[in-house]
Amino acid sequence: MRLSKSKVALPVLLLAGMLAPVAGAQASNVTLSFANISGANGPALSPFFVALHDGSFDAFDIGASASSAIEAIAELGSGTGLSSSFAAAFPAGISTTVTASVNGFGPGIFLPGGSGSVTLDLDPVKNRYLSFFAMVVPSNDRFVGNDSPTEIELFDAMGHFTGGTFVDNGNKIWDAGTELDGTTGAAFLVGSNAADSPAQNGFIQANSDFSVYSGLATAAGYNFTDLPDANTPLLKISAVAAVPVPAAFWLFASALPLLGLQRGRRPSVLA
């Protein structure tokens, strides 16, 4: 006597069909952490404007004039303009502001050693890439941010989370070219009004020369003596995904009643 192949194969085929599309479970709950890794008495960083997008959010270009949104982040540490332009152009994107929760100052400024994080539910296609922007202080118009919109990939082309840790040195500090360097109009300096804006009419370029601010008193109560250069570690970003129960487990569990039902039936007999 033999068991009927058709009776046994059905639940097995159903199970195989359900498991096939989920060979690799995709994570979407992602924690993004930002840390100012410069030395004591070094540069501080404003709260970060962060945007998660499909790879086409190009906020600035080296050698070009800064937009009003980049000017606002570079001179005042304000991400309002970037937030508005991003929301209008990328309705499927996600943006937020990350402030320092450890060693912060005032409105969440990242002092040297400061850090902060945010956890977001991300779509592996619509939110595949991360862009970030923050002012570097004390300065008139310095900022950090990824020039290439696809520089920081959180998910690969198949939708699998890649994440990781990304470190930027002083060579990734940009001068917006919108304001002349000096104590007039510099943010984060005692006795200086950041709202003053001695116009420069220049272009965005890399600039890690902070000598004009050397030794000056900052609003946080320390003197700016640990000046960065092109090789100075400045910023660390990490992206970590929560580990969900694999989708395959739930599909397997849902198929167990089918297997149990089949097991309880008497096998048909072939002559």
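The values are calculated or read from the model by the stated rules, or taken from the named source; none is laboratory data. Since we're looking at a predicted model, the values are computed, not measured. Here the Cβ is made from the backbone with ideal geometry for all residues, glycine too, and neighbour counts use every protein chain on show.
Tally the residues that are of a type in the set (Ser, Thr, Tyr), free of Cβ contacts under 8 Å to residues at least 60 places away in the same chain and in a strand (DSSP E or B), restricting the search to the range 89-119. Lay out the reasoning, then the answer.
Keep residues of the range 89-119 that are of a type in the set (Ser, Thr, Tyr), which gives 95-97, 99, 101, 115, 117, 119.
Then keep just the ones that are free of Cβ contacts under 8 Å to residues at least 60 places away in the same chain; that gives 95-97, 99, 101.
Filter again for in a strand (DSSP E or B), leaving 95-97.
The qualifying residues number 3.
Just give me the residues in the range 75-87 being closer than 23 Å to ASN201 by Cβ and either surrounded by 23 or more Cβ atoms within 10 Å (Cβ to Cβ) or touching a residue at least 60 places away in the same chain (Cβ under 8 Å) (or both), in sequence order.
GLU75, LEU76, GLY77, LEU82
Among residues belonging to the range 146-182 that are in contact (Cβ under 8 Å) with a residue 24 or more places away in the chain and charged (D, E, K, R), point out the one that is surrounded by the most Cβ atoms within 10 Å (Cβ to Cβ).
My answer is GLU179.
Of all residues being touching a helix residue (DSSP H, G or I) at 6+ places or on another chain (Cβ under 9 Å) and not in a strand (DSSP E or B) in the range 120-140, which is surrounded by the most Cβ atoms within 10 Å (Cβ to Cβ)? Just the residue, please.
ASN140
Quick check on PHE143: is it touching a helix residue (DSSP H, G or I) at 6+ places or on another chain (Cβ under 7 Å) and either surrounded by 15 or more Cβ atoms within 10 Å (Cβ to Cβ) or at pLDDT below 95 (or both)? Before you say what the answer is, go through the steps one by one.
Values: touching a helix residue (DSSP H, G or I) at 6+ places or on another chain (Cβ under 7 Å): yes; either surrounded by 15 or more Cβ atoms within 10 Å (Cβ to Cβ) or at pLDDT below 95 (or both): yes.
It is true that PHE143 is touching a helix residue (DSSP H, G or I) at 6+ places or on another chain (Cβ under 7 Å) and either surrounded by 15 or more Cβ atoms within 10 Å (Cβ to Cβ) or at pLDDT below 95 (or both).
May I ask you to list the residues in the range 184-195 that are surrounded by 15 or more Cβ atoms within 10 Å (Cβ to Cβ) and over 21 Å from SER38 (Cβ atoms)? I'd like the intermediate steps shown before the answer.
Step one: of the range 184-195, the residues surrounded by 15 or more Cβ atoms within 10 Å (Cβ to Cβ) are 185-189, 192, 194.
Within the range 184-195, just GLY185 meets the criteria.
Exactly one condition in (1) over 20 Å from LEU82 (Cβ atoms); (2) modelled with pLDDT under 95; (3) not acidic (Asp, Glu) is false for THR225; which is it?
Status for THR225: all satisfied but (2).
With the checklist (1) within 26 Å of the chain's Cα centre (by Cα); (2) under 14 Å from ARG142 (Cα atoms) in hand, flag the one item GLY182 doesn't pass.
Evaluating GLY182 over (1) within 26 Å of the chain's Cα centre (by Cα); (2) under 14 Å from ARG142 (Cα atoms) leaves (1) as the failure.
Within the range 203-224, can you find the residues that are in contact (Cβ under 8 Å) with a residue 60 or more places away in the chain and surrounded by 15 or more Cβ atoms within 10 Å (Cβ to Cβ)? Write out each step before concluding.
Just the residues of the range 203-224 that are in contact (Cβ under 8 Å) with a residue 60 or more places away in the chain, to begin with: 203-207, 210, 213, 216, 218-220, 222-224.
PHE203, ILE204, ASN207, PHE210, TYR213, LEU216, THR218, ALA219, ALA220, TYR222, PHE224, listed by residue number.
Select, from ALA51, ALA72, the only residue that is in contact with a Ser or Thr (Cβ under 6 Å, 6 or more places away or on another chain) and without any contact (Cβ under 8 Å) to a residue 12 or more places away in the chain. Break it down into steps so the answer makes sense when it comes.
On the way: ALA51 fails: without any contact (Cβ under 8 Å) to a residue 12 or more places away in the chain.
Step by step, each of ALA51, ALA72 is checked, and only ALA72 is in contact with a Ser or Thr (Cβ under 6 Å, 6 or more places away or on another chain) and without any contact (Cβ under 8 Å) to a residue 12 or more places away in the chain.
Just to be sure I understand the filter: pairs with C-beta atoms under 9 Å, separated by 6 or more residues or on different chains, first member in the range 21-35 and within 16 Å of THR97 (Cβ to Cβ) and surrounded by fewer than 19 Cβ atoms within 10 Å (Cβ to Cβ), second member modelled with pLDDT of 50 or more and of a type in the set (D, E, K, R). Which pairs pass?
Pairs that qualify, where the first residue is within 16 Å of THR97 (Cβ to Cβ) and surrounded by fewer than 19 Cβ atoms within 10 Å (Cβ to Cβ) and the partner is modelled with pLDDT of 50 or more and of a type in the set (D, E, K, R), are SER33/LYS236.
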